[in-house]
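Have a look at the structure below, then the notes.
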Amino acid sequence: CEIVAGTLHSGQSWSFAARSGQRRQDLLVTVSVWEAPAGGMAGYVVVMRDITMLRDLNRFKDEMLQMASHDLRSPLALIVGYCSLIEMDTPDPESPVHEYLTVIKRSTERMKGLLEDLLRVEQIRNSPLEMHQQVDFRELVSAVLNNMRPLLDEKQQALETRLQLDGLPGVMLNPVLIRESMENLLSNAVKYTPEKGRIRVQAFEQGGRLHFVVEDTGVGIPRAHLPRVFESFFRAKQRGTEKVEGRGLGLSLVKTIIERHNGEVWVESEEGVGSRFGFWLPA
């Protein structure tokens, strides 16, 4: 890389990945500027870290995910198909066979959903977001609220909204992924809030950022679990959540999507009181 004299200062650093063809090593190279004004000396400090094993593990993970994508979907589809055939050959609706088949199909659908969520998280992490387009953020939020209304009505939950987005110009983002992130936060609030609870949704622009916040009066999250809620497969087990279904990938997916849009996701919660999940995007 070319370094222009006079543009670098002591303490500045930059990193890049490199590969040694002869030794087949993957290296993470960090270059830092070093300067001693008192002695009139200056230079660079170069640190090379061998990350070959990490890169190999990452490649192995990608290969395993590809194998899971192709080799597990077909058996799962066959299981569901044969369950349907057995159901047709058992006309007696009172037969316990129907109950067994329902359990098998429900479990298979959960496995299929887990596989698709996992593959989707990895795809978003590794692939560039190429579907950005100019979007009316207020219309996007309104569409999310309309889509989630049946879930709220089913549990007789009150929805409060505060949308301060009037006059906001169109923003560049992937509407499908951002809508999915919003719906994920809102559906989590519905699942973890008891019947006739209250959910508040806020969306506003402040300081060059678009904010989306979902607040609920649900079971809340223990303080010790908060640092891990956005980890893949993590679920905070506590009283009141025994019957809540989930795979522990939804919040990880939200975090990945928002960070790929150069934004940030956050959470505040108090056990027994409720939770506030939100994210911001560059406006």
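The values are calculated or read from the model by the stated rules, or taken from the named source; none is laboratory data. Small disclaimer: the values here were computed from a predicted structure and weren't measured. Here the Cβ positions follow ideal geometry from the backbone for every residue, glycine too, while neighbour counts run over all protein chains shown. Quick note on the areas: whole protein, heavy atoms, side chains included, nothing else; ligands and nucleic acids left out. Shrake-Rupley method; radii C 1.70, N 1.55, O 1.52, S 1.80 Å.
Each Lys and Arg Cβ is given +1 and each Asp and Glu Cβ -1; about its Cα centre, the chain then shows a dipole of about 620 debye. Under a model in which nothing but the beta-carbon of Lys, Arg (+1) and Asp, Glu (-1) is charged, the stretch 183-224 shows a dipole of about 140 debye around its Cα centre.
Once the Cα atoms are used to define both axes, helix 137-154 deviates from the longest principal axis of the chain by about 30 degrees. In this structure, the amide hydrogen of ILE51, modeled 1.01 Å from its nitrogen in the peptide plane, lies closer than 5 angstrom to those of ASP26, LEU27, LEU28, counting only residues at least 5 positions away or on a different chain. When the residues ARG110, ARG235 are ordered by accessible surface, computed with a 1.4 Å probe over the protein chains alone, the sequence from largest down reads ARG110, ARG235. By the gyration tensor of its Cα atoms, with a ≥ b ≥ c the square roots of the eigenvalues, what is the shape of the stretch 96-215: rounded for a/c under 1.5, prolate for a/b over b/c, or oblate? Oblate. Couplings 3J(HN,Hα) of the stretch 261-275, computed from phi: 9, 6, x, 8, 10, 8, 8, 10, 7, 9, 4, x, 10, x, 9 Hz, in residue order, whole Hz [Karplus 6.51 cos²θ - 1.76 cosθ + 1.60, θ = phi - 60°; x for Gly and Pro]. In terms of accessible area, using a 1.4 Å probe and ignoring ligands and nucleic acids, ILE86, ILE51 rank largest first as ILE86, ILE51. Residues with amide H under 5 Å of ASN174's amide H, sequence separation 5 or more or different chain, H placed in the peptide plane at 1.01 Å from N; which? Residues meeting the amide H criterion: GLN133. Largest GNM mean-square fluctuation among SER252, SER13, SER74, using the chain with Cα springs under 10 Å: SER13. Which entry in (i) 23.0; (ii) 20.9; (iii) 19.7 matches Kirkwood radius over Cα pairs in Å derived from the coordinates of this structure? Recomputing Kirkwood radius over Cα pairs in Å here picks out (i).
Once the 1.4 Å probe is applied to the protein heavy atoms, the chain comes out at 63 Å² accessible per residue.
Between rounded, prolate and oblate, where does the stretch 171-225 land on the alpha carbon gyration tensor, with a ≥ b ≥ c its root eigenvalues, rounded for a/c under 1.5, else prolate if a/b exceeds b/c? Verdict is prolate for the stretch 171-225.
For ALA42, the residues 5 or more places off, or on other chains, whose built amide H falls under 5 Å of its own are ALA36. Taking GLU271, GLU94, GLU195 in turn, the Gaussian network model of the chain (Cα-Cα springs below 10 Å) assigns the largest fluctuation to GLU94.
Residues with beta-carbon under 13 Å from that of GLY170, excluding GLY170: net charge, scoring Lys, Arg +1 and Asp, Glu -1? Summing Lys and Arg as +1 and Asp and Glu as -1 gives -2.
Computed from the C-beta positions of GLU154 and HIS225 and an R0 of 35 Å, the FRET efficiency is 0.80 to the nearest 0.05. The HN-Hα couplings worked out from phi for the stretch 175-192 by the Karplus form 6.51 cos²θ - 1.76 cosθ + 1.60 (θ = phi - 60°) are x, 5, 6, 5, 4, 4, 5, 4, 5, 5, 5, 6, 5, 4, 4, 5, 5, 9 Hz, whole numbers, x standing for Gly and Pro.
DSSP finds beta bridges in the chain, and of those with both partners inside it, around 85 percent are antiparallel.
When a 1.4 Å probe is rolled over the protein heavy atoms, the share of accessible surface on the stretch 138-271 that falls to carbon and sulfur comes to 44 percent. Go through LEU152, PHE234, VAL29 and say which Cα lies farthest out towards the positive end of the charge dipole of the chain; charges sit on Cβ, +1 for Lys and Arg, -1 for Asp and Glu. The residue sitting most towards the positive pole is VAL29.
Shown is the FRET efficiency for SER84 and PHE233, computed with R0 = 22 Å from the Cβ-Cβ distance and rounded to the nearest 0.05: 0.15. Between VAL47, VAL219, VAL103, the residue with the greatest mean-square fluctuation in the GNM of the chain (Cα pairs under 10 Å linked by springs) is VAL47. Here the stretch 192-240 and the stretch 41-109 have alpha carbon centers that stand 28 Å from each other.
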